[in-house]
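Here is the structure we will look at, set down as structure tokens.
The values are calculated or read from the model by the stated rules, or taken from the named source; none is laboratory data. Quantities reported herein were computed from a predicted structural model and do not represent experimental measurements. Every residue, glycine as well, gets a Cβ built from its backbone with ideal geometry; the counts of neighbours run over all protein chains shown.
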Amino acid sequence: MAVVGTPAYFASRPAPLRPQHLLEHNCINLRLPTLGDLYAWEFDCDDEQIRVRVDGQLILNGSRAILQAGLDGFGLGYLPTTPPACGCATIR
């Protein structure tokens with residue numbers, strides 16, 4: 001999984017360096033039909049698993065929709081892979 005955003009998004013905001021920094025960003029949430037709740041973004045940091053419940057103006061139900069919303073400037077997305085040549089910057 002990767003956090004992705006456009007260069008335009010990061011031109012006016014600092015890149016999140018730690019998962020907790022995502023709370024200061026406009027993130028695109030994912031609601032899985034089987035989960036029913038918003039998906040918490042998961043990270044492995046220093047041998048510790050961290051789950052972050054992000055905030056944002058959109059809640060979508062699929063990675064293609066999240067990618068398109070990110071490209072349209074709605075915020076950061078959390079995607080299974082970084083699509084090639086999409087104009088996105090990846091923050092790891």
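For the range 21-61: of the residues being of a type in the set (S, T, N, Q) and under 14 Å from LEU76 (Cα atoms), which is surrounded by the fewest Cβ atoms within 10 Å (Cβ to Cβ)? If we take residues in the range 21-61 being of a type in the set (S, T, N, Q) and under 14 Å from LEU76 (Cα atoms), then GLN57 is surrounded by the fewest Cβ atoms within 10 Å (Cβ to Cβ). Are any of the residues in the range 62-71 at pLDDT 85 or above, among the polar types (S, T, N, Q) and surrounded by 11 or more Cβ atoms within 10 Å (Cβ to Cβ)? Among the residues of the range 62-71, at least one is at pLDDT 85 or above, among the polar types (S, T, N, Q) and surrounded by 11 or more Cβ atoms within 10 Å (Cβ to Cβ), which makes the answer yes. Looking only at residues that are of a type in the set (A, V, I, L, M) and assigned to a loop (DSSP other than H, G, I, E, B) in the range 9-43, which one is nearest to the chain's Cα centre (by Cα)? Ranking the qualifying residues of the range 9-43, first place goes to ALA40.
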